[in-house]
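All remarks here apply to the structure that follows.
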There are 2 protein chains.
Amino acid sequence: MKEEKKLRVSAIKNGTVIDHIPAGNLFKIINILDLSSLDNTITFGSNLDSAKYGKKSIIKISNKYFDDEEINKLILVAPNARLNIIKDYKVVEKKQIKIPDKIEGIVKCVNPKCITNNEPMKTKFSVINNETVELKCHYCEKITDQDNMEIII
Amino acid sequence: MKEEKKLRVSAIKNGTVIDHIPAGNLFKIINILDLSSLDNTITFGSNLDSAKYGKKSIIKISNKYFDDEEINKLILVAPNARLNIIKDYKVVEKKQIKIPDKIEGIVKCVNPKCITNNEPMKTKFSVINNETVELKCHYCEKITDQDNMEIII
């Protein structure tokens, strides 16, 4: 088998590679980062085999680098993702992505009766599990987890 | 430059390649064919350079072959698409895709007053331009074109 047949999604010259996305969260990330509106060349790989995670997804975006706010949204749906910054086909930086202890905004509280869902105010959570991403609301104390998480775009 | 660096989206062993998708219609096709719900390995290329069309998108789906109804939906948003059936890394069939003269169902009529939008009945169109995909409603004679086309999923 020739080398290029083993590759699933090929190299980019300059840009960002988001690797180790949970297989089922690719389209969530496309929405959150609004990738469908970009004119950049993008390749996506969905449900790729991964030695470590069974199945994973990957996104490679040419000539695009994300800011901290975008990265914070990304972390919530892909806590184990790796962000590699590519220059001239080489990884020049591996962005350390890490869930913070506190999150303000970004996520809706799961509790429809929570004050944040009824008044024009920012949500506020403590991260009580940074592996599975469980967020405890500062106001109503209800837990929002990955399964019921709605990102405020 | 090594060979694999020139490739944008790599080969698949078995499955379907949908090539020559208009650059901006990739996500429409993902929705229409409900690709985000599949467990198959899929690679997408968005806004790739194309000698013929300027920019194009491409989808490669492992171990998946589409039926005629799915292909008919695809044609409407990607009339120049090419469907290649891949077996063991080789193209074994190039599906001729061609817009039919008449279309029933699949598309909503653009006219909110059309009887098809107010009664539980199937839409029915004549294709009056098969390059740009313009559809004339059999009932109200209004023209639905690519810009205002809504596919019934």
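Label-point separation (nm) for B:ILE99 and A:ASN63, each offset 7 Å from Cα along Cα-to-Cβ?
Reported label-point gap for B:ILE99 and A:ASN63 is 3.1 nm.
How big is the B/A interface in buried accessible area, both sides summed, 1.4 Å probe, to the nearest 100 Å²?
Chains B and A together bury approximately 2300 Å².
For label points placed 7 Å from Cα toward Cβ, what is the shortest-first list of nm distances from B:ASN14 to its copies?
4.3
Can you send over the carbon and sulfur percentage of the accessible area for the range B:16-153, probe radius 1.4 Å, protein chains only?
About 45 percent, which is the carbon plus sulfur part of the accessible surface.
What nm distance separates the two modelled labels at A:ILE152 and B:LYS136, each placed 7 Å from Cα along Cα→Cβ?
5.1 nm
On a 0 to 90° scale, report how tilted helix B:68-77 is relative to the longest principal axis of chain B, with both axes built from alpha carbons and the result rounded to the nearest 10.
Tilt of helix B:68-77: around 80 degrees.
Label-to-label distances across copies for B:ASN40, with labels 7 Å out along Cα→Cβ, in nm, shortest first?
Copy-to-copy label distances at B:ASN40, shortest first: 2.8 nm.
For peptide A:46-53, what's the mean number of Cβ atoms from other chains within 10 Å of each residue's Cβ?
3
Once you have the alpha carbon radius of gyration of the protein assembly as shown, what is it after dividing by 2.2 N^0.38 Å, with N set to its residue count?
Rounded to two decimals, the normalised Rg is 1.14.
For chain B, modelled as a GNM with alpha-carbon contacts under 10 angstrom, which of B:LEU38, B:LEU76, B:LEU135 fluctuates the most?
B:LEU38
Radius of gyration and Dmax for chain A's Cα atoms, expressed in Å?
My reading of the Cα-based Rg and Dmax gives 17.0, 60 Å.
Rounded to the nearest 500, what is the 222 nm mean residue ellipticity of chain B from helices alone, with -39500 (n - 2.57) per DSSP H run of 4+ residues and division by all residues?
-3500 deg cm²/dmol
Which number do you get for Rg(Cα) / (2.2 N^0.38 Å) in the range B:36-97?
Taking the Cα Rg and dividing by 2.2 N^0.38 Å, one obtains 1.17.
Restricting to Cα pairs below 8 Å that are 6+ residues apart, what does the relative contact order work out to for the range B:1-143? Please round to a whole percent.
22 percent
If you put a point 7 Å past Cα along the Cβ direction, how far is that point for B:GLU69 from the same point in each other copy, in nm, smallest first?
Going from nearest to farthest copy, the values are 4.3 nm.
How much accessible area per residue does the range A:1-131 have, counting only protein heavy atoms and a probe of 1.4 Å, in square angstrom?
52 Å²
The values are calculated or read from the model by the stated rules, or taken from the named source; none is laboratory data. Just so we're clear, the structure is a prediction, and the values are computed from it rather than from any experiment. Neighbour counts run over all protein chains shown; Cβ positions are idealised from the backbone, glycine included. Keep in mind that these areas ignore ligands, DNA and RNA; they rest on the heavy atoms of the full protein, side chains included. Shrake-Rupley method; radii C 1.70, N 1.55, O 1.52, S 1.80 Å.
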